[in-house]
Every structure is written in structure tokens, then in C-alpha cells.
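The block underneath contains the structure these notes are about, expressed in C-alpha cells.
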Amino acid sequence: MDAFVIEGGRPLRGSLRVNGSKNAALPIMAAALLTDQPIDLRAVPDLADIDNMKRLLASLGCHAIESAPGAVRLQSIDESSSHARYEIVRTMRASISALGPMLARRGEARISMPGGCAIGQRPVDLHLRGMEALGAEITLEQGDIVARAPRRAGGKRRLRGAPVFLGGPFGSTVLGTANVMCAAALAEGRTIIECAACEPEIADLADLLIAMGARIEGAGAPRIVIDGVDELAGAAHEIMPDRIEAGTFMIAAGIAGGSLTLENCPLDALMALTNHLAEIGVHVEEHPGSDPRRARCDVSYEPRRDGRLKPAQVTTQPHPGFPTDLQAQLLALLCLADGNSVVTEKIFPERFLHVAELSRMGAQVFRQGPTAVISGVARLVGAPVMASDLRASACLVLAGLAAEGTTTVHRVYHLDRGYEKMEERLAALGARIERVDAKELESAPAQG
């Protein structure tokens, strides 16, 4: 099991290109199950979750061929299996994205029920409610969700269009919206998704589906209208840039100091973050291009001799609000602000496992339910810390960049799910960071 060893206190300088979005790529890859024609994808990130999705699709008869780095062709060549088994599904919650495409194309789907995770329960009831609204029969058999479309004339199983409401206690569901949109693309008649997720990853999926021949209007807004078609064809598509990766590196420039240039940066999807960064004292300057979704920007924070970052009040919300996937990273930044900050988590109220680890580094954070109050300190100190989930891992790495001394972040396999070669990219910007075998680290003799 690998760990990162970080020597803090080195500013970041240079440029990097933002990779394709993990959160967009996973449901887009699952959409290849909607046709037997090839789907050619570009800018697919090289991540553990992407590899797991390829494994899942292969088990369902949809095979992946990588012709070049980031270029993947997916094609369903065997539609006889519709069972997404536990041994693969348990590695990645986004496996549920296969439900809608399989049900729509093959008439039935069997997927192992996803469990909870370190950031709290993420139930799939809205996914199932959406499938039932489209006419599917849903049962639970031996831990598997089993969904079957109703039989139509001629014996073929096919979903039917219907109004679908996807509002829940914490807002709409992104993967649920993706599932219903994919299922409705091949349903008979019109589907209206009300309270749909507005995340840009949904609009990116819709762009692919439209290129395949789907009839979709309103993706990226709370109401999506889909008129079902009889079949979908192959298509080519470039995955949108990863807004969470871009935001993480923006925050890294603030916590470590220095300045970065980000290429292929989806600034139009990061307004909630850049607004808070400006308030805190981290400056983001856009260099407009022909496509605001793939902009170039400069990020800088040069600490003054007598100055520090400013505190802020932040509440996570569904898009276009502040993203929950950047909460941990921004909280690390606020640990060094001059004053008291308040962070409220509205999406996953239990998503604060990084707080205890930050405290080991000298942070002063008091948590009460879904809210954390951060009293900024003048400095963080290096310490051994343990990552609990993907974004908490990024939070601890960022804290290590700013801390005095050595920080060792254990269990960075979480990080590999969502950040491609993060340690190499940070090292290229001037950070002193290396990946080590944690067992070798434990067996090394103590220094001094």
C-alpha cells in the first residue's frame, strides 16, 4: 500500500493541463451500453475508477480498446449478460450508472446493491423511483437490484416515457439523473425529468447522447425533456475537463503560495469556488478563449510579510453552488486563514473525516453536526495522517504542501481513484513529494 511523503513549505510555480473529468467519464462510458455501435471517447483520464468501469463493462459484453493515451473505443459485442456482479460493483459506486442504459437497451438489468461509504450513505432510491416511473418492475433479490421493463407488442421489453421527479432531501441526484436520461433516450414517448441535477457532467453526457441520435432538451437545467427513439448509433465525444481536479490545484496554489497557469480549465463551472477564493485572497485571472469550458487561467497567492488569508463562510450545495467534492480541500486552506471560518456540508453531512487528521497537523477545527468552525492558525506542522476517502486524501496532501516539516499521507489508493499521477504533477510544479511503499516506510530505521 502506497503513501506520499511531503516536505512542506515550497511554493508551486508553473503550468499544467486539466485532465478529463472522472465524474463525467463514468456515466458516459456506461452509456455505451445503449448501442451495439462503437463509441469513441477522447480525454478519458487514467484512473482506478476508469479501469474499474472498463472491467464492469467488459463483464457486460462491452469491450474497451485504447488506441492512444486518453482515447478509448467502447463497443457492446455481447448483450446476453445483464448482471453487474458484486465483486466489481463494490469497488465503485458509479457502477449504478449501468442500470439505466442496460434496462433501456436489453430490457432488464441486475446490479448488486451499492453499500455506504466513508462520506456517508448515498441511497439509490431516486434511481429506482425513476426506473419505476418509466414502467420498470423493481425487485431486490439476494442483494441485487433486479429491474425489468414491461413487455410491448411482439414481446419486446421496452420502457415508456413519463414525468419523473428526482427531488430528494439533499437536492437532485447526479447519477440518478444520468440513469433516467439514458433510460428515457430509448423509451417509448416523452419523458420529462423534473428537479434534474444541473451539474455540467449531465450536460456533457447529454452531448454524447445527442450525438448518438437521442432527442434531449434542457440538460444542465432543472427540467430535461427527452423524446425517446427506437435506437441509438455510435458517436465520438471528448470528455469535459475535470472541474474538481482544476479546483483542487487552484486551492493548492493558495495553500502553498506561488502561482500556477491552468490550461483546459472549466472556469464556467467553477464560479462558486473562484468567488470564495477571491474573498479569501487567492486570485484567479482568466485568459478568455473560444470555449469558456476549456479556458486558460492564472492562479496566484503571494503571501505578504504581515498578511494571511482571509476567513470565509462556505456552504456546499448542488451545482451551481459550492461543490461538496471541494469542501475538504477548501477547509484545509481555511485552516491558515486569519480568523474564524464556517463550512457547512449540505450534501453529505458526515463528510468530515479529514477534520481529525488536520487536527494532528495543528489545525483548530470544531465540528458540530454538518458544520465545522475553523479557527485559523499561523502554521500547520507535518505529521503522519491517514486518508479516508478520495477528496479527504487531496485535502491532506494540500495541507502537507503548506505544513512545516514532513507529512506522510497513508492510503493514497483513494487518491488514485480521482487524480492522475498527482504526486508527479505536483513535483513538476516545485513540490517536494514522492510516492513510497508504506511497508518500506514502516520498516525504515528511525532517524536521529
The residue that is surrounded by the most Cβ atoms within 10 Å (Cβ to Cβ), considering only those in segment 148-175 that are small (Gly, Ala, Ser), farther than 18 Å from Ala214 by Cα and free of Cβ contacts under 8 Å to residues at least 60 places away in the same chain, is Ala149
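Quick grid of which residues meet (1) out of contact with any Asp or Glu (no Cβ under 9 Å at 6 or more places or on another chain); (2) assigned by TED's automatic domain parsing to the domain that holds Thr248; (3) over 12 Å from Phe4 (Cα atoms); (4) of a type in the set (Gly, Ala, Ser):
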site	(1), (2), (3), (4)
Gly400	no, yes, no, yes
Glu404	yes, yes, yes, no
Thr407	no, yes, no, no
Asp416	no, yes, no, no
Glu420	no, yes, yes, no
Ala427	no, yes, no, yes
Ile433	no, yes, no, no
Ala438	no, yes, no, yes
Scanning segment 263-298 for residues that are farther than 22 Å from Ala197 by Cβ and touching a Lys or Arg at 6+ places or on another chain (Cβ under 6 Å) gives Glu263, Asn264, Ile280, Gly281, His287
Within segment 323-431, considering only strands (runs of 3 or more DSSP E) that don't extend past its boundaries, which have at least 2 residues that are in contact with a Phe, Trp or Tyr (Cβ under 9 Å, 6 or more places away or on another chain), in contact (Cβ under 8 Å) with a residue 60 or more places away in the chain and closer than 27 Å to Gly14 by Cβ? 406-410
By residue number, the members of segment 51-108 that are surrounded by fewer than 18 Cβ atoms within 10 Å (Cβ to Cβ) and assigned to a strand (DSSP E or B) are His63, Ile65, Glu66, Ser67, Ala68, Ala71, Arg73, His83, Glu108
State yes or no: is Asp268 under 23 Å from Ala394 (Cβ atoms) and either among the acidic types (Asp, Glu) or in a helix (DSSP H, G or I) (or both)? yes
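Go through segment 232-263 and give me each residue that's at positive phi and either surrounded by 20 or more Cβ atoms within 10 Å (Cβ to Cβ) or not assigned by TED's automatic domain parsing to the domain that holds Val343 (or both).
The first filter runs over segment 232-263 and keeps only residues at positive phi, leaving 257-258.
Gly258, the sole residue that qualifies.
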Residue match in segment 265-281 (condition: buried (at least 23 other Cβ atoms within 10 Å of the Cβ) and farther than 19 Å from Phe249 by Cα): no
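The values are calculated or read from the model by the stated rules, or taken from the named source; none is laboratory data. From a predicted model like this one, the values you see are computed outputs, not experimental measurements. Neighbour counts are summed over all protein chains in view; Cβ atoms, including those assigned to glycine, are modelled from backbone coordinates with ideal geometry.
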